[in-house]
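Everything below concerns the one structure shown next.
The values are calculated or read from the model by the stated rules, or taken from the named source; none is laboratory data. Given the structure is predicted, the values throughout are model-derived calculations rather than measurements. Backbone-built Cβ (ideal geometry, glycine too); neighbour counts: all protein chains shown. We work out accessible area using only protein heavy atoms, side chains counted, and drop any ligands, DNA or RNA first. Shrake-Rupley method; radii C 1.70, N 1.55, O 1.52, S 1.80 Å.
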Amino acid sequence: MADSNEKLFSDFPHVSTAEWMEKIQADLKGADFEKKLVWKTNEGFKVKPFYRAEDLEGLKTSNALPGEFPYLRGTKKNNVWHIRQTVAVADFAEANKKALDILNKGVDSLEFHIKGADVAAGNIETLLAGINAEAVELNFSTCVKHAAQLAEILVAYFKKQGYDLNKCEGSIECDPINRMLVRGKNMENIGATVASVVKALEPLPLYRGVCVDALSLNNAGAYIYQELGYALAWGSEYMNELMGEGLSAVDAAKSIKFKFGISSNYFMEIAKFRAARMLWAEIVKNYAGCDCREMKEAAKMKVHAETSTYNLTIFDSYVNLLRTQTEAMSAAIAGVDSLSVTPFDKAYKAPDEFSEHLARNQQLLLKEESHFDKVVDPAAGSYYIENLTVAIAEQAWKLFIETEEAGGFLAAVKAGKIQGVINQSGKDRHAAVAKRKEILLGTNQYPNFNELSDGKRPADKHCCCGGNECEKDLETLVFDRAASEFEQLRFATEESGKRPVAFMLTIGNLAMRQARAQFSCNFLACAGYKVVDNLGFKTVEEGIEAAMAAKADIVVLCSSDDEYAEYAIPAYKALAGRAMFIVAGAPACMEELKAAGIENFIHVRVNVLDTLKEYNQKLGIK
């Protein structure tokens with residue numbers, strides 16, 4: 001078979017990179033290659049339109065093996081990951097009942113959110129009754145002030161149940177720095193806080209007591225290199241704090257786990273996780289100052305991944321299933337240790353049994369039907385992903401070094417620098433969504449023309465401490481979803497009690513009028529307007545008459561650039577102010593049309609969000 005394959009490929013002549021470039025330049029017909037085909041990412045590096053084997057030359061990633069330092073290709077020699085589901089604990093008996101139920105439905109990792117005031121031995125016994133701690137990964141998050149107490153209770157409970165403590169796996173996700181970022185509450189003695197949890201968990205060697213919750217950065221709109229670079233600095237901060245409390249570098253590293261978000265940038269997310277393991281292994285090696293077996297074991301980055309809430313949408317919410325599925329695929333391919341898929345309806349309500357069922361099954365499909373757990377690092381050797389891995393690693397490392405040299409992650413958080421940078425990234429991404437440079441299917445592109453919110457509104461956000469600590473000492477991260485401003489437009493349209501009708505006056509060149517009508521329908525439906533498309537009119541007067549018969553609030557003239565000089569002004573005059581008049585496009589005669597009183601033009605270069613806000617004002621929608 002090998003000989004047969006070699007003969008098959010030998011039938012095709014070798015094509016050099018120079019020959020490919022020559023062909024591309026010919027097809028570009030003089031256009032600039034860099035401007036047309038090279039993508040400048042938000043991460044600060046360029047992505048070429050094609051990669052070849054020669055692009056792997058000199059990359060250290062090409063020599064990496066699964067389960068071997070520096071763990072670029074994974075910390076293990078298989079690709080098995082834990083399927084995790086979160087249980088918010090209000091009633092401990094009910095939470096136990098739910099946990100037992102979902103364990104029978106494919107979950108093998110649980111994450112319990114427990115209020116600090118509820119941390120008590122009796123409650124934990126009720127919560128974990130009937131759950132085999134040797135067979136299920138158990139993870140807990142609670143108020144950082146009660147984390148050490150919870151650790152002590154767990155150790156005592158496991159001993160009481162007769163478990164082999166060397167087989168119990170899980171974590172207490174103590175992360176006081178994340179509390180500062182999210183709640184704005186300054187904390188002192190962070191080293192003592194996290195060290196008390198780690199020391200309480202010493203009898204449980206497979207438990208980690210300190211969490212770097214970079215998911216918060218992701219959900220606030222951070223770019224990929226920022227999430228990774230700051231996560232590394234965050235982890236380094238905890239290494240310093242734990243070592244300052246007397247722990248060795250090896251013990252400190254073995255106590256830290258990382259929680260990352262996953263955006264919809266499919267290939268770059270795969271590269272992010274590969275780069276993360278590699279960089280963290282190098283950081284731990286530098287702290288340990290040796291190349292021993294214990295260091296290499298401690299340098300294995302423990303990674304939990306969770307699909308992002310930043311890009312979840314309220315309208316066309318089932319599209320969220322497509323987003324979270326590709327995100328879960330990225331994490332699974334990249335070899336994470338555990339994974340949570342966010343239920344599709346989380347943006348507007350507490351997830352119910354149906355949405356949680358779908359979220360579980362999204363991972364089960366990847367394992368049981370697509371067999372993602374059977375192949376270790378399938379991205380290895382990909383010319384594109386190997387280069388992405390290196391590029392993201394370089395940008396993240398640069399940010400890590402800058403943060404360290406400026407005094408470290410904690411100092412930057414206390415100064416509000418991290419929050420400021422991430423919140424600005426969130427604003428920049430919102431601006432990109434407003435201009436359709438970043439697409440949210442069903443929200444700023446191809447919305448469902450007939451969908452109404454049916455009373456759905458953004459889900460309330462509650463303080464983990466019951467709302468008792470709302471005063472802020474520090475600037476906090478802002479968790480405005482990318483779709484939030486477009487959703488507010490549609491809510492305003494519905495609440496106005498009058499849904500504007502946008503009528504497409506299609507005339508002239510068939511191809512252009514159809515293309516512009518489709519563009520305009522998608523554009524205006526983003527604000528929740530009712531759109532009426534048409535097959536075409538012989539005269540503008542006929543079109544205006546039909547628009548008035550349809551009780552149009554907006555008339556959009558759809559034709560070709562050349563024909564606007566003929567049709568636009570007569571149509572505008574025939575409308576005579578009875579409705580808003582819009583020209584679809586940016587014709588060469590635009591200034592002449594503006595001089596005639598035509599104010600509104602929509603085309604690919606306008607800010608969709610700002611334009612629709614302006615139209616809402618003109619239509620009396622607040």
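For the pair Asp251 and Asp373, the difference between a 0.36 nm per residue extended length and the Cα-Cα distance amounts to 41.0 nm. Remark on Phe112: its backbone amide H falls under 5 Å from those of Val87, Asn139, Phe140, Ser141, a criterion applied only to residues 5 or more positions apart or on other chains, H modelled at 1.01 Å from N.
Using the rule -39500 (n - 2.57) for each DSSP H run of four or more residues, divided by the residues of the chain, the 222 nm mean residue ellipticity is -14000 deg cm²/dmol. Relative to the longest principal axis of the Cα atoms of the chain, the long axis of helix 540-549 lies at roughly 60 degrees. Taking label points 7 Å from Cα along the Cα-to-Cβ direction, Leu321 and Glu495 give a separation of 3.0 nm.
Each peptide in 499-505, 120-126 was scored by the mean count of other Cβ atoms within 10 Å over its residues; highest first, the order is 499-505, 120-126. Packing-based ranking of 244-255, 415-426, 272-283 yields 272-283, 244-255, 415-426, ordered from highest to lowest mean Cβ neighbour count within 10 Å. Annotation: for a label point projected 7 angstrom from Cα along Cα→Cβ of Asn286, residues of the range 400-432 with backbone N closer than 18 Å are 400-412. Taking the average, over residues, of other Cβ atoms within 10 Å as the packing measure, peptides 155-161, 453-459 rank 155-161, 453-459 from highest down. With the Cα gyration tensor of the range 309-440 giving a ≥ b ≥ c as the square roots of its eigenvalues, does the rule (a/c under 1.5 for rounded; else a/b larger than b/c for prolate; else oblate) give rounded, prolate or oblate? The shape class here is oblate. The phi torsions of the range 497-509, fed into the Karplus equation with coefficients 6.51, -1.76 and 1.60 and a -60° offset, translate into couplings of x, 9, 8, x, 9, 9, 9, 8, 8, 8, 7, x, 3 Hz, rounded to whole numbers, with Gly and Pro shown as x.
Note that the range 44-56 has calculated 3J(HN,Hα) couplings of x, 10, 9, 10, 6, x, 8, 10, 10, 4, 5, 6, 8 Hz, one per residue in order, obtained from phi through the Karplus relation 6.51 cos²θ - 1.76 cosθ + 1.60 (θ = phi - 60°); glycine and proline are x.
Would you mind calculating the relative contact order of the range 450-583 from Cα pairs under 8 angstrom and at least 6 residues apart, reporting the percent as a whole number? Display every interim value, and only then the final one.
On the way: 162 pairs, mean separation 33.8, N = 134.
Averaging sequence separation for qualifying contacts and normalising by length gives 25 percent for the range 450-583.
Working from label points 7 Å from Cα in the Cα-to-Cβ sense, the Leu28 to Asp533 distance is 3.5 nm.
Pull out the extension gain between Glu451 and Ala550, defined as 0.36 nm times the separation in residues minus the alpha carbon to alpha carbon distance; nm, one decimal. Please list the in-between numbers first.
Values: separation 99, 0.36 × 99 = 35.64 nm, distance 2.01 nm.
Stretched out fully, the Glu451 to Ala550 stretch lengthens by 33.6 nm.
Were the residues from Glu591 through Asn63 laid out at 0.36 nm apart, the gain over their Cα-Cα distance would be 184.0 nm. Apolar share of the accessible surface for the range 301-344: 69 percent from carbon plus sulfur atoms, 1.4 Å probe. Can you give me the angle between helix 383-405 and the longest principal axis of the chain, using Cα atoms only, in degrees from 0 to 90, rounded to the nearest 10? Tilt of helix 383-405: around 70 degrees.
What does the net charge come to around Val608 if you take all other residues with beta carbon closer than 9 Å to its beta carbon, with K and R at +1 and D and E at -1?
Numbers: positive: Lys435, Arg436; negative: Asp610.
Every neighbour counted, the sum reads +1.
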